[in-house]
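Bear in mind these aren't lab numbers, they're just calculated from the coordinates by the rules spelled out. Bear in mind that the values here come from a model prediction, so they are computed numbers and not experimental data. Please note: Cβ atoms are built from the backbone with ideal geometry, for glycine as well, and neighbour counts cover all protein chains shown.
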Amino acid sequence: MSSGDALRNAILRTIEDSGSSVGAGKLSSHLAAAGLRAKPRTVRLHLLRMDREGLTRKVSRRLGRELTERGRDELRHIDIPARVGFMATRIEALMHRMTYRSRTHTGSVVANTALIRQEQVQSAIECMYPVFQRRLALGPLVAVARGGTRLAGVTVPDGMIMLATICSVTVNGALLAEGIPVTSRYAALLQMRDGRPLRFAELLDYSGTTLAPLELFAQAGRTSVRECARTGDGVVGASFREIPAVARAELLRVRAELERDNLGGILAVGHPGQPLLGVPVAEGRCGLVVAAGLNPLVAVHEAAIDVAFQSLAAIEDRASFVPIATLRNRFPWWPEDRRVPSSLE
């Protein structure tokens with residue numbers, strides 16, 4: 001790969017990771033922080049070329065560029081060997097960029113997103129609701145945006161609705177903000193029995209994959225999130241993480257703070273040096289299991305509703321999310337004018 005191609009790919013990735021449109025000057029700063037030195041003029045030349053290729057579009061002179069769908073597709077096809085360990089790297093990047101603080105319940109979080117046709121939204125919400133009720137996600141919170149508006153750094157196409165849930169990586173960021181380092185070890189399929197974690201059905205090392213594991217598991221028909229939400233028995237998405245054992249008490253405090261802010265999702269916390277659900281941890285470490293924030297959107301997929309979802313999609317403000325019950329109880333949001341009411345925008 002030439003240096004020009006490497007810079008081009010880095011620009012595409014940086015725009016996506018920004019969660020919103022970004023200008024050449026800010027891009028240059030982000031690239032420098034990542035060890036890629038590029039003058040703003042050089043970045044601008046690359047952006048003009050990518051505009052012509054249809055990979056980026058100019059929002060305005062002040063706001064800069066955003067990715068197009070073609071640009072996102074290009075990112076998915078970037079040379080795979082260069083992306084080994086991509087998921088682990090992306091998790092680290094997003095958890096450092098989010099600003100949420102568990103003590104104040106304010107700041108930005110990591111979001112998963114899904115695009116769905118406007119006429120299918122009510123069915124999707126009915127699929128998601130029991131998943132939240134069963135506490136199989138990171139809190140019962142959803143953000144919603146109609147066609148023509150923006151959410152998670154994306155302009156929603158006309159005739160579509162974007163739904164967003166809070167990604168479990170938000171737990172990493174909340175702990176990091178309290179001085180607790182977190183290692184994301186495995187994406188997992190977790191077997192539940194009577195609403196409680198029983199054992200792992202599958203573990204996939206984050207450092208060895210370039211793709212979002214739960215998206216692959218769901219598309220392969222390996223999950224049963226809807227059944228688990230209904231009966232308490234089934235296979236759902238989760239992740240296995242580790243923290244230093246000395247931080248266990250502080251972790252439990254942060255967990256309680258998160259639950260007070262409707263962000264409960266830590267399903268299990270291990271003891272120092274002891275296996276958790278059969279997964280060993282090193283001496284001086286503790287394991288924790290976190291429910292996948294994508295689970296409600298996977299339930300929509302399981303119901304054969306046409307949905308395009310993406311985990312680890314972007315950074316979004318915590319204030320954008322409302323309880324699922326609020327959306328469900330107030331649906332339909334648009335009787336005639338097809339608009340989401342301002343209180344939910």
For the chain, set up a Gaussian network in which alpha carbons nearer than 10 Å are linked by springs, and say which option among ARG76, ARG318, ARG222 fluctuates the most. ARG76
Yeah, the range 80-220 with a ≥ b ≥ c from its alpha-carbon gyration tensor (a/c under 1.5 is rounded, else prolate when a/b outruns b/c, oblate otherwise) is rounded
Among 158-170, 50-62, 255-267, how do they line up from the highest to the lowest mean number of other beta-carbon atoms within 10 Å? 158-170, 255-267, 50-62
Tell me, how many Å apart are the Cα centres for the range 91-119 and for the range 292-328? 11
Where Lys and Arg each count +1 and Asp and Glu each count -1, what net charge lies around VAL281 among other residues with Cβ under 11 Å from its Cβ? +1
The set of residues whose placed amide H lies less than 5 Å from the amide H of VAL322, leaving out same-chain residues fewer than 5 positions away, is VAL142, ALA143
So what is the relative contact order for the chain, in percent, with contacts set as C-alpha pairs under 8 Å and at least six apart? 22
Magnitude of the Cβ-charge dipole of the range 206-309, K/R +1 and D/E -1, about the Cα centre, nearest 20 debye? 200
Only Lys, Arg (+1) and Asp, Glu (-1) charged, at Cβ; the chain dipole about Cα centre in debye: 960
What is the Cα centroid distance between the range 165-194 and the range 200-246, reported in whole angstrom? 12
